[in-house]
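Right, one structure below, let's go through it.
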Amino acid sequence: MTGSVRVPTPSNEPVRDYAPGSAEVVRLRAEIDRVAGQVRELPHVINGERFFAGQQEAVVSPHEHARVLGHITPAGDKQVRAAIDASLAARRDWSMTPWWERAAIFLRAADLVTGKYRDELLATTMLGQSKTYHQAEIDAACELADFFRYNAYSAAAIYDQQPASDPGQWNIMDHRGLEGFVLAITPFNFTAIAGNLPSTPALMGNTVVWKPSEKSALSSDVVMRVFEEAGLPPGVINLVHGDGQSIASQALASEHLAGVSFTGSTAVFRNLWKTTAQHLDTYRAYPRLVGETGGKNAIIAHPSADPEALLVALVRGAFEYQGQKCSAASRAYIPRSVWRRLEDRLADTVANLHIGDVTEHETFVGAVIDETSCTRLEQAFTEAKSLDSHRLLAGGSVRRETGWFVDPTVFVTDDPTAFTMSQEFFGPLLTVHVYDDADWSSILTLADTTSPYALTCSVFATERTAISEALTVLRDTAGMTYVNDKPTGALMGKQSFGGGRASGTNDKTGSPLALQRWVSGRYIKENMNPDLDWNYPYMGTAGH
Ligand code: NAD
């Protein structure tokens, strides 16, 4: 039966507008009010059972930090142990479940995301992670559903790959899940990534311990309920809240660790890798390590670039979701001739971006995720302001009274190697280096070598030869190169994301490449006509 199964061809979930006064926004507003009016208990979910006991940590709204939306209770050794045990106990049955039945659960999850749970996912993402209507919609509804649908489709293509067989024998590829459990650790900034990281290995027959970010616990709780309602059996994905370091150190010490699926900062992923290396002698198998990490994404403009298109890319690429996208633009290289036509408009546009409560329609920029983030950006502003090489063009302040608000900020620097051109700050900070038009070729090399990251970049030019040259020189600079477009907003099935160098293992989340990492193949050869004589012809009659 499974050989002829075809997964429905996916298409990207249409993005809703949420125009003021529309029916969809009236419904969503009611859900926002409901979520804002509650203080939720956000339990661990282990083997289908909920646990909520111990010291409570508040989950608050970044743009209104006095508003407590819920509590988590950080997992201790006991809960982590139980989550690992539940994963291991569920593994056999789950891995033997026909792949199309596993896929059906995630296709059902996709429809729950875009239907019954859409408003709740959006409301919790808006309030808990400070995303605007549009940013929450493209993440928590559209991309999350796209992940589930495209992954199911790609899984079918993987299971379809079967070896050739000569007459008298049959070769089969058994696409097994990994032996052991997978640890999925997810970042705060995308509800879609939070749902995708544990579900991708699960789709491919693995069982998972999932530690969501404590800063996105509210929406992660909804994602977990979606998995359960879609029919995911108990124990397949086990959610534990709490401190990443203590949960990871216990999970990584288990001899049954089969893989780590991580998205977050480079430093944390490097620590996870080092820790697994320390435990290498004790593992039953080599764990697969998949990590998508930081970025320092450049927009590089050629003298032939269209300043209007460039302005849009700079504003959206650098400041949507407060610059808290791994793919956000945080450095730009702009030729003097284009800069003359752009500078005042960029300064003016950025200075007038509306910052505030994300439930207000005019808001373009919400709050950064927490106090630590606010302080990190404030320190960067202070340091940049103190340098002769930097000139503040817009922003440069933070306000903490009601929420963690950081002004969208642009510096202009004549030092292309400055810290603002190489380090990730993960917030609304863009630094522009203005170069002489004649230096285009050397600017490409400079952009390639300035930062350790290689996630996304954008090239703006209308001359074809300039685009060609950029694509050649920047071949290893980014896992995703955009031409005349902003460096953010990858669409599943069209541009799956991932980067190299310090940006990660480049396994292209949401693509067949990513699914393949969670498969450990077994070839089965069946001989229909076993040999009955151990001699070979070259031996003549010597063996007789
Ligand atoms: P983070 O590294 O602080 O946290 C990510 C996760 O790791 C969280 O669940 C956190 O609790 C956990 N964690 C923190 N310290 C840990 C430790 N010592 N051991 C184990 N786990 C630990 O990242 P964040 O602030 O949630 O997200 C922002 C970062 O993620 C940025 O660097 C951004 O570029 C990156 N990111 C990358 C991609 C990508 O696809 N490349 C996508 C989204 C975010």
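The values are calculated or read from the model by the stated rules, or taken from the named source; none is laboratory data. Quantities reported herein were computed from a predicted structural model and do not represent experimental measurements. Glycine also receives a Cβ, built like all others from the backbone with ideal geometry; neighbour counts cover every protein chain displayed.
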Pairs, please: C-beta under 8 Å, at least 6 apart or cross-chain, first residue surrounded by fewer than 16 Cβ atoms within 10 Å (Cβ to Cβ) and in the stretch 352-367, second charged (D, E, K, R) and in a loop (DSSP other than H, G, I, E, B)? His354/Glu360; His354/Glu362
Please work out which one of (1) touching a residue at least 24 places away in the same chain (Cβ under 8 Å); (2) in a loop (DSSP other than H, G, I, E, B) is the condition Ala19 fails and give its number. (1)
Just checking, does the stretch 190-201 include any residue being surrounded by fewer than 24 Cβ atoms within 10 Å (Cβ to Cβ) and either among the aliphatic types (A, V, I, L, M) or within 16 Å of the ligand (Cβ to nearest atom) (or both)? no
Filter pass, Arg27 being in a loop (DSSP other than H, G, I, E, B) and charged (D, E, K, R): no
Tell me, yes or no, whether the stretch 59-82 has at least one residue that is within 25 Å of the chain's Cα centre (by Cα), closer than 30 Å to Ser254 by Cα, assigned to a helix (DSSP H, G or I) and in contact (Cβ under 8 Å) with a residue 60 or more places away in the chain. yes
Across the stretch 273-300, the tally of residues that are touching a Leu at 6+ places or on another chain (Cβ under 7 Å), assigned to a helix (DSSP H, G or I) and of a type in the set (S, T, N, Q) stands at 2
Do you know which residues across the stretch 204-249 are basic (Lys, Arg), within 16 Å of the ligand (Cβ to nearest atom) and in a helix (DSSP H, G or I)? Lys215
Taking the stretch 32-42 and keeping residues surrounded by 19 or more Cβ atoms within 10 Å (Cβ to Cβ) and not in a strand (DSSP E or B) leaves Ile32, Val35
Evaluate the stretch 482-497: report whether one residue or more is in a helix (DSSP H, G or I) and farther than 23 Å from Ala301 by Cα. no
Criterion first (away from the ligand (no atom under 16 Å from the Cβ), assigned to a helix (DSSP H, G or I) and at pLDDT 95 or above) does Asp357 satisfy it? no
I'd like the full set of residues that are part of a helix (DSSP H, G or I) and of a type in the set (Gly, Ala, Ser), limited to the stretch 369-406. Ser373, Ala380, Ala384
In the stretch 253-272, the residues that are of a type in the set (Ser, Thr, Tyr), in a loop (DSSP other than H, G, I, E, B) and more than 6 Å from the ligand (Cβ to nearest atom): Ser254
